[in-house]
Amino acid sequence: MTPDNKNGEIPADAKISDRLERWMCGDGPKTLGGLIDVFGERSFAIVFALLMALPALPLPTGGATHVLEVITMLLAFELIAGRREIWLPQRFKRLDLGGEKRQKLIMALLRRIRWLERYSRPRGTWLFGSRASGVVFGAAVLALTVTAFVAPPFSGLDTLPALGVVLLALGVLLTDVAVAAAGLVVGAAGMALVVGLSSLVLKATGDLL
């Protein structure tokens, strides 16, 4: 872990994984609001990655992740509107991230971030940080999250769009356009599957009628 500074806090240039680990191991509230306070302006990306990590698991969720997707869509709209800091209703900020299952999920995400940090490097940094890039980021997250939301329950088709959001968000966090592009490719493949399957279902229903 990155050494503490004189104020007992991790420096602003600390690795993303160090910041996340410090938050997990610290005494602060293990809530969505507490996570936002730690990451500041970078909260959009880390929150997107965390909220969509569960839908990204290759398991049928049966709509159990819809609340996470709704929060993600709300934050995506904020990015599109040009906000630099997250606003959420207090009920969402109090969302507990400290339960055993959620802690395991965060630890799994932390391991993935550490792995990416070993191989990733800043690429295409000029694409990040502007208002226009924030709008594009928000629009991409919104499209992928809506796709995951409308995917048929228990089909597992929400996995690829959600994974696309996670990779895209990590690419933004690491300012690595290659990781972000990989997220867009994975997410686009997931969108194609959902749209294709929906078309087949509608066609089959029409034939039966």
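Between Val150 and Ala178, 0.36 nm times their residue separation minus their Cα-Cα distance comes to what?
Result for the pair: 7.3 nm of gain on full extension.
Quick one: net charge of Asp96's neighbours, Cβ under 9 Å, K/R +1, D/E -1?
Result for the neighbourhood of Asp96: +3.
Lysine pairs in the chain with Cα distance under 22 Å, only those 8 or more apart or on different chains: how many are there?
Going through the chain pair by pair, I get 8.
Report, in debye and to the nearest 20, how large the dipole of the chain comes out about its Cα centre when Lys and Arg carry +1 and Asp and Glu carry -1 on their Cβ.
For the chain, the charge dipole is close to 200 debye.
Taking the Cα of Leu197, stepping 7 Å toward and past its beta carbon, and measuring to each backbone N in the range 131-156: which are under 11 Å?
Label zone hits: 148, 150-156.
Top mean-square fluctuation among Trp87, Trp23, Trp126, Gaussian network model of the chain, C-alpha springs under 10 Å?
Judging by the Gaussian network model, the answer is Trp126.
Ignoring everything except DSSP H segments at least 4 long, calculate the 222 nm mean residue ellipticity for the chain; use -39,500 (n - 2.57) per segment, divide by total residues, nearest 500.
-21000 deg cm²/dmol
Students often check this: by mean Cβ neighbours within 10 Å, which of 183-189, 102-108 ranks highest, and how do the rest follow?
Top to bottom by mean Cβ count within 10 Å: 183-189, 102-108.
Quick check: residue separation of Val135 and Glu100 times 0.36 nm, minus the Cα distance between them. What number comes out in nm?
9.1 nm
Exposure proxy check: Val141, Val135 ranked by fewest other beta carbons within 10 Å?
Result, fewest neighbours first: Val135, Val141.
Given the chain, what whole percent of its Cα pairs are spread farther than 22 Å? Display every interim value, and only then the final one.
Details: 10741 of 21736 pairs.
The share of Cα pairs beyond 22 Å in the chain comes to 49 percent.
What is the distance, in nm, between label points placed 7 Å from the Cα along the Cα-to-Cβ direction at Ala108 and at Leu57?
Distance between label points: 0.5 nm.
Computed from the coordinates by the stated procedures, all read-outs in this text should not be read as laboratory data. Bear in mind the structure is a predicted one, so any value in this text is a computation, not a measurement. Don't worry about glycine lacking a Cβ; one is built from the backbone with ideal geometry, like all the others, and counts go over all protein chains shown.
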